Amino acid sequence: MARSKALPISMAMGNDERDIFEAEARRRGLGVSTTIRTLALERATELREQRQIERARVWQTQRMRVAVDRMRKGQNPVVDEAVIDALFDDAGTAPRRRRKT
C-alpha cells in the first residue's frame with residue numbers, strides 16, 4: 001500500500017504566539033513547524049491519557065459502590081484464604097511463601 005504525503009495544515013498566528021513557539025523551538029533545537037507539531041502531539045497524547053484515567057476512575061467508583069451496596073445488604077461473601085491461594089496457584093502466579101526459619 002502506497003503512503004500518500006500528508007497535507008499541511010495552515011493556521012493564522014499572532015506575533016506573540018509565534019514568539020512563544022520560536023522560543024520553544026530554540027529551546028528544543030527544532031524548527032518552528034516541527035515544534036508546533038511535537039507540542040500538538042504531546043498535548044493530544046496527554047488528553048487521551050487523561051480521558052482513559054477518568055474512564056478508569058469512573059469504572060472503579062461504580063464497582064466500589066456496588067461492593068459497598070452489597071456489603072450493606074449483607075451480601076458480601078467470605079472467601080477462605082485457601083480458595084484465594086488455589087486461584088493463584090491455578091493461574092501460575094502463586095505468591096512466594098516465606099520459609100519458616
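None of the figures in this text is laboratory data; all of them are computed from the coordinates on show. None of these values were measured; they are calculated from a predicted model. Cβ atoms come from the backbone with ideal geometry, glycine included; neighbour counts cover every protein chain shown.
Results, tabulated for the structure shown:
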item: Contacts under 9 angstrom Cβ, first residue in segment 71-91 being among the aromatic types (Phe, Trp, Tyr), partner surrounded by fewer than 10 Cβ atoms within 10 Å (Cβ to Cβ), 6 or more apart; result: 88/95
item: Enumeration of residues in segment 43-92 that are charged (D, E, K, R) and surrounded by fewer than 10 Cβ atoms within 10 Å (Cβ to Cβ); result: 72, 73, 80, 81, 90
item: Residues that are part of a helix (DSSP H, G or I), exposed (fewer than 10 other Cβ atoms within 10 Å of the Cβ) and among the charged types (D, E, K, R), drawn from segment 1-35; result: 16, 27
